Amino acid sequence: MTPAALLLTGTVGSGKTTTANALGVVLRAAGVPHAVVDLDALRDAWPSPPDDPFHERLELANLRDVARNHRAAGAVRLVLAGVLEDPAHRGLYEDAVGVPLTVCRLRPDLTVVADRLQVRHAGDGTALDWHLHRSSELDAILHSAGIGDVVVDVRAHDEPAAVAAAVARAVGWS
């Protein structure tokens, strides 16, 4: 099996991490050595530099090491969950993982996203307001930039396993 990586991207609340974990279950069941990496965790630091508000440089530096370690441990597939906002940066992610990269954009209905964010940020109105604004803003950015080698629509009642199966089919990993 040829080593490969998949970056699940989408707006905030689109189900990137949940789908990545569900895809990990699919790969495990198929006996495929893999690793699931949450890119948010790789860039979670404060404060961020003024010229890099989402800590992309830190994320990429950490991804390079994490991907190398997972590949050395035998992972043939790397499943990444994170945001690729600028198509010009795609090569940076592919370089960091060290294997061919496919980008799959999850495209949920924004009302589904709003419902998820209401639950996720219950009790924190400031965070909720920011994420609600960012979800529609980021969705428009991803759409206009044409982000994604493949796009998988996520409907309101789709179970994570079904979304993961749709992603696996869309990228040829099923």
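The values are calculated or read from the model by the stated rules, or taken from the named source; none is laboratory data. Predicted model, so just to flag it, every value in this text is computed and none were measured. A quick note on method: Cβ atoms are made from the backbone with ideal geometry, for glycine too, and the neighbour counts reach across all protein chains shown. For the accessible areas, the whole protein counts, side chains as well, though only heavy atoms, and no ligand, DNA or RNA atoms are used. Shrake-Rupley method; radii C 1.70, N 1.55, O 1.52, S 1.80 Å.
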Exercise for the section: Take Ile141 and decide whether it is under 16 Å from Lys16 (Cα atoms) and not acidic (Asp, Glu). Expected result: no
Handout entry: From Ala75, Ala122, Ala96, Ala114, residue being touching a residue at least 12 places away in the same chain (Cβ under 8 Å) and either touching a strand residue (DSSP E or B) at 6+ places or on another chain (Cβ under 8 Å) or surrounded by fewer than 14 Cβ atoms within 10 Å (Cβ to Cβ) (or both)
Key = Ala75
Handout entry: Among (1) at pLDDT 95 or above; (2) among the small types (Gly, Ala, Ser); (3) in a helix (DSSP H, G or I); (4) farther than 26 Å from Gly172 by Cβ - the single one Ala114 does not satisfy
Key = (1)
Handout entry: Residue among Val79, Val99, Val66 that is at pLDDT 95 or above, closer than 20 Å to Leu23 by Cβ and in a loop (DSSP other than H, G, I, E, B)
Key = Val99
Fill in the blank from the handout: In region 99-111, anything farther than 24 Å from His157 by Cα and surrounded by 18 or more Cβ atoms within 10 Å (Cβ to Cβ) is listed as Leu101, Thr102
Handout entry: So Leu84, is it part of a loop (DSSP other than H, G, I, E, B), among the aliphatic types (A, V, I, L, M), buried (at least 21 other Cβ atoms within 10 Å of the Cβ) and touching a residue at least 12 places away in the same chain (Cβ under 8 Å)
Key = yes
Fill in the blank from the handout: Subset of region 125-174, residues in a helix (DSSP H, G or I), touching a residue at least 24 places away in the same chain (Cβ under 8 Å) and basic (Lys, Arg), comes to Arg134
Handout entry: Subset of region 9-26 that is out of contact with any strand residue (DSSP E or B) (no Cβ under 9 Å at 6 or more places or on another chain) and open to solvent by less than 30 Å² (accessible area, probe 1.4 Å) - its residue that is nearest to Thr111 (Cα to Cα)
Key = Val12
Practice task
Could you tell me whether any residue of region 39-46 is surrounded by fewer than 16 Cβ atoms within 10 Å (Cβ to Cβ) and farther than 29 Å from Ala156 by Cα?
Solution key: yes
Handout entry: Residue tally, condition touching a residue at least 12 places away in the same chain (Cβ under 8 Å) and either within 24 Å of Leu58 (Cβ to Cβ) or not in a helix (DSSP H, G or I) (or both), over region 25-41
Key = 9
